[in-house]
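> Please read through the structure below; I'll follow up with questions.
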């Protein structure tokens with residue numbers, strides 16, 4: 001079973017061409033896909049409906065769409081309820097397996113004055129895979145500061161940890177039997193993955209928050225029973241989170257301003273500790289159809 005995280009740069013490639021269909025073609029054989037920077041009704045992408053275009057191009061995938069930004073599309077023409085459109089920007093998950101439940105989680109924010117800032121979100125779905133239900137999160141953290149990312153990542157990790165305590169999103173009985181005539185939602189499964197452009201490198205403090213403490217006495221990165229592991233290093237790639245280590249260019253997922261000397265590994269698939277025995281591989285797909293490379297992780301079915 002293959003999973004991928006891909007920041008699609010609103011479907012505009014390094015060649016400046018807008019084309020959601022080549023995004024879909026690259027992801028066609030991936031079982032569960034988490035996409036970031038998907039948008040609806042933006043001038044720069046022809047005011048297209050990208051979730052609809054991607055869903056149409058991948059008819060064998062179930063889909064979930066979670067905008068963080070959702071605002072009225074302004075126009076010089078008089079607005080009416082029937083002509084008004086929404087300008088949206090956020091995350092999308094596509095799955096060859098049924099998506100049982102969907103939640104769109106809004107991450108903490110503190111608005112900046114002089115720098116571009118927008119509402120970030122995390123899309124949570126429960127997928128019915130051949131190995132049982134799995135929670136999948138797709139997110140895109142703030143690019144402005146470590147403190148903001150720590151706030152957002154802490155919130156997301158708390159949501160993950162509290163999933164079982166919160167329970168199913170729809171469960172229980174009511175004296176009006178119509179409420180329970182269609183069955184309960186599934187219980188939150190233990191297995192979980194976090195896919196996303198997290199906007200931090202393995203050398204930054206945010207990484208330790210999710211990947212575990214670093215032990216300098218031979219144990220390396222500590223993976224906790226109730227925590228997550230970086231699928232890239234867990235699959236055998238060099239651990240670039242060790243103090244003093246640097247990410248090799250072939251492992252970078254994004255290059256600032258397209259400069260090969262400014263490469264960063266900021267796109268990830270984190271897997272819950274329960275999934276580590278099934279982890280088989282992790283790789284990048286080097287492509288020019290976005291300004292990021294997809295991270296593809298394979299789990300044993």
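No lab work stands behind these numbers, since they all come straight from the coordinates. Keep in mind the model is a prediction, meaning the values are calculated, not measured. Every residue, glycine among them, receives a Cβ derived from its backbone with ideal geometry; neighbour counts consider all protein chains shown.
> With runs of 4+ DSSP H residues as the only contributors, calculate the mean residue ellipticity of the chain at 222 nm using -39,500 (n - 2.57) per run, divided by the residue total and rounded to the nearest 500.
My calculation for the chain gives -4000 deg cm²/dmol from helical runs alone.
> Sticking with this structure for a sec: In the calculated pair distance distribution of the stretch 145-196, what percentage of Cα-Cα distances lie above 13 Å?
Tail of the P(r) past 13 Å holds 69 percent of the pairs.
> Something else: Sorting 270, 62 on the 10 Å Cβ count, fewest up front, what's the list?
If I rank by nearby Cβ atoms, fewest first, I get 62, 270.
> Can you give me the convex hull volume of the Cα atoms of the stretch 86-146, divided per residue and expressed in Å³?
Residue-normalised Cα hull volume stands at 112 Å³.
> Based on the alpha carbons, how large is the Rg to Rh ratio for the stretch 114-171 when Rh follows Kirkwood?
1.07
> Right, another one. How would you classify the stretch 1-60 from its alpha-carbon gyration tensor, with a ≥ b ≥ c the square roots of the eigenvalues: rounded for a/c under 1.5, else prolate if a/b is greater than b/c, otherwise oblate?
Prolate.
> To continue, here is another question. Say we join alpha carbon atoms closer than 10 Å with springs in a Gaussian network model of the chain; which of 179, 232, 42 then has the biggest fluctuation?
Of 179, 232, 42, the most mobile in the Gaussian network model is 179.
> How big is the stretch 109-261 on each of its three principal axes, counting only the C-alpha atoms and giving the largest first in Å?
Computed over the Cα atoms, the extents are 63, 44, 26 Å.
> Springs between alpha-carbon atoms under 10 Å, Gaussian network over the chain: tell me which of 99, 23, 248 tops the mean-square fluctuations.
248
> Give the Cα extents of the stretch 200-301 along the principal axes, in whole Å, largest first.
In descending order, the Cα extents are 38, 35, 18 Å.
> Take the stretch 1-149, drop everything but the C-alpha atoms, weight them equally and run the Debye formula without solvent; then report log10 I(q)/I(0) at 0.12, 0.15, 0.16 Å⁻¹ to two decimals.
Calculated log10 I(q)/I(0) at the listed q: -0.54, -0.82, -0.92.
> Then there's this: I want the antiparallel fraction of DSSP beta bridges within the chain, as a percent rounded to 5.
Rounded to the nearest five, the antiparallel share is 85 percent.
> Report, to two decimal places, the Cα Rg of the stretch 76-182 normalised by 2.2 N^0.38 Å (N = number of residues).
1.42
> Another question about this same structure. In square nanometres, what is the average projected area of the Cα convex hull of the stretch 25-113?
Mean projected area of the Cα convex hull: 8.1 nm².
> When the chain is modelled as a GNM with alpha-carbon springs shorter than 10 Å, which of 115, 64, 256 fluctuates the most?
Residue with maximal mean-square fluctuation among 115, 64, 256: 115.
> Taking only the C-alpha atoms, wrap a convex hull around the chain and report its volume per residue in Å³ as a whole number.
163
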